[in-house]
Amino acid sequence: MCDPLRPPYGRIMFAKDRILLPHTAVWCGVLSLLAVLCFHFPEALTSQEFRPVYTSDFARGLLLVGLVTTFVAGTVAVLADQRRRLALTGLASATAAVLLGGTSVPLDKVEATPYSLGVDWFILSLFFSAIVFIPLERYLAHSPHPVLRGGWRTDICYFFLSHVLVQFILILVTASTTTVAAAIAVDPVKALVVGMPLWLQVLLAVFVADLAQAVLHRAYHRVKTLWRFHAVHHSSRDLDWLAGSRVHLAETVLTRSIVLLPLMVLGFSTAAVNAYVIIVGLQAVVAHANIGVRFGWLEYLVVLPRYHHWHHARHVDYWDRNYAIHLPVVDMLMGSFKLPRDGSWPEEYGVLRLETVPRGLVAQHLMPFRGDREYEEHVA
């Protein structure tokens, strides 16, 4: 029976979502403008490794969707007096995109370039991650909080940097691992791995990489110098699909190098490594997602949100637990597995001493190099 004193559900949701349309307009407008710039300057703004993944027709179709969404959401937001400044910014961005050619920008053959920014990777990753995980977290949230919760601006900056600088990160990682891998590789072992079917290589690569990652992850928590960098990642007070992006760039390079090294030493095929990269990218988002679904026995086979959320818990009993990002069996082997059987979730997230981690991307990147701060020995 409907409570006559309680506003209808739809009205409640509409009131809570008065920022949804203007933010949709501004983000779709800005992404559309960036996409048009990618068409104009593909050698400089698109990632050479990522270009073969999509076609120009697909990109033009997605750009059209972004422009239409911007004009519809922005116009409705302005008429409804919802954050007009944001809505107008989105409309202005989309208008600029159209004036610069919109979906009709000619695209000649893209020449290979030694260096480029991954703006295309940023656009596609943000767009598809948002349309998948924002609705999921809205209706299946463990801990309901606004889409634009505290710290979202910092996390979107991390998301932007890690995607736009993907090629430069890859260059650093490759340079740091190729020589070492060639020096210590054992040819008979490489031949054995290469001879495996692709599906088996992928499964083994996930296990080997997760084991390497978990050992390094434990070091991040136990070695004070490393913890200064890793504390940035644990400073998020709310976990969702975007929070996993908050990682110091130095940690990103070190982690990817350490994880890639055993894969190169053992001789996994390029296809297997690429498959692993896709898996780790997806699972890193899923593990941090604010999805409060119980997965039963699957939680003991694959790292899912509740498992990794306990790793981020602001709770002393979990400071040295759940380092794996793919397979809980890795933590079982390391003696660091811990997951409440009652299905409970953490009540609070973040480092124990909140004041040790400043706010903002720049301050957090400078934090590890400052000697005037006291750091706890571990994270809860």
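The values are calculated or read from the model by the stated rules, or taken from the named source; none is laboratory data. For clarity, every value in this text was computed on a predicted model and none was experimentally measured. Please note: Cβ atoms are built from the backbone with ideal geometry, for glycine as well, and neighbour counts cover all protein chains shown.
What are the residue pairs meeting all of these: first residue in the range 68-97, first residue at pLDDT below 95, second residue not in a helix (DSSP H, G or I), Cβ atoms under 7 Å, and 6 or more apart or on different chains?
What qualifies is Ala77/Arg83; Gln82/Arg18; Arg83/Ile19.
Within the range 119-137, take every residue that is crowded, with 18+ Cβ neighbours inside 10 Å, closer than 13 Å to Leu63 by Cα and not β-branched (Val, Ile, Thr) and give me the one that is farthest from the chain's Cα centre (by Cα).
Asp120
Where the second residue is assigned to a helix (DSSP H, G or I) and modelled with pLDDT under 90 and the first is among the aromatic types (Phe, Trp, Tyr) and lies in the range 36-50, which pairs have Cβ atoms under 8 Å and are six or more apart or on separate chains?
So the pair list comes out as Phe50/Val166.
Output the number of the condition that Asn290 fails; it satisfies all remaining conditions of (1) farther than 21 Å from Val215 by Cα; (2) part of a helix (DSSP H, G or I); (3) touching a residue at least 60 places away in the same chain (Cβ under 8 Å).
Failing condition for Asn290: (2).
May I ask you to say which residue of Arg237, Arg228 is in a helix (DSSP H, G or I) and of a type in the set (D, E, K, R)? Even if it seems obvious, please write down each step before you answer.
Numbers: Arg237 fails: in a helix (DSSP H, G or I).
Answer to the selection: Arg228.
Scan Ala94, Ala59, Ala73 and give me the residue that is in contact with a Gly (Cβ under 7 Å, 6 or more places away or on another chain), among the small types (Gly, Ala, Ser), in a helix (DSSP H, G or I) and outside the structural domain of Ala289 (by TED's automatic domain parsing).
Values: Ala59 fails: in contact with a Gly (Cβ under 7 Å, 6 or more places away or on another chain); Ala73 fails: in contact with a Gly (Cβ under 7 Å, 6 or more places away or on another chain).
Residue meeting the stated conditions: Ala94.
Sort through Ile171, Ile184 and tell me the only one that's within 23 Å of Ser125 (Cβ to Cβ) and at pLDDT below 90.
Exactly one of Ile171, Ile184 is within 23 Å of Ser125 (Cβ to Cβ) and at pLDDT below 90, namely Ile171.
Could you check the range 240-271 and list, in sequence order, the residues that are farther than 30 Å from Asp187 by Cβ and outside any loop (DSSP other than H, G, I, E, B)?
Initial filter on the range 240-271 (farther than 30 Å from Asp187 by Cβ): 240-252.
Answer for the range 240-271, where residues must be farther than 30 Å from Asp187 by Cβ and outside any loop (DSSP other than H, G, I, E, B): Ala243, Gly244, Ser245, Leu249, Ala250, Glu251, Thr252.
Of the residues Ser56, Ser47, which is modelled with pLDDT under 95 and crowded, with 17+ Cβ neighbours inside 10 Å? Walk me through it before giving the result.
Numbers: Ser56 fails: crowded, with 17+ Cβ neighbours inside 10 Å.
When all the criteria are applied, what remains is Ser47.
So is Val202 aliphatic (A, V, I, L, M), surrounded by 15 or more Cβ atoms within 10 Å (Cβ to Cβ), modelled with pLDDT of 90 or more and not assigned by TED's automatic domain parsing to the domain that holds Leu62 or not? Working first, answer last.
Details: aliphatic (A, V, I, L, M): yes; surrounded by 15 or more Cβ atoms within 10 Å (Cβ to Cβ): yes; modelled with pLDDT of 90 or more: yes; not assigned by TED's automatic domain parsing to the domain that holds Leu62: yes.
It is true that Val202 is aliphatic (A, V, I, L, M), surrounded by 15 or more Cβ atoms within 10 Å (Cβ to Cβ), modelled with pLDDT of 90 or more and not assigned by TED's automatic domain parsing to the domain that holds Leu62.
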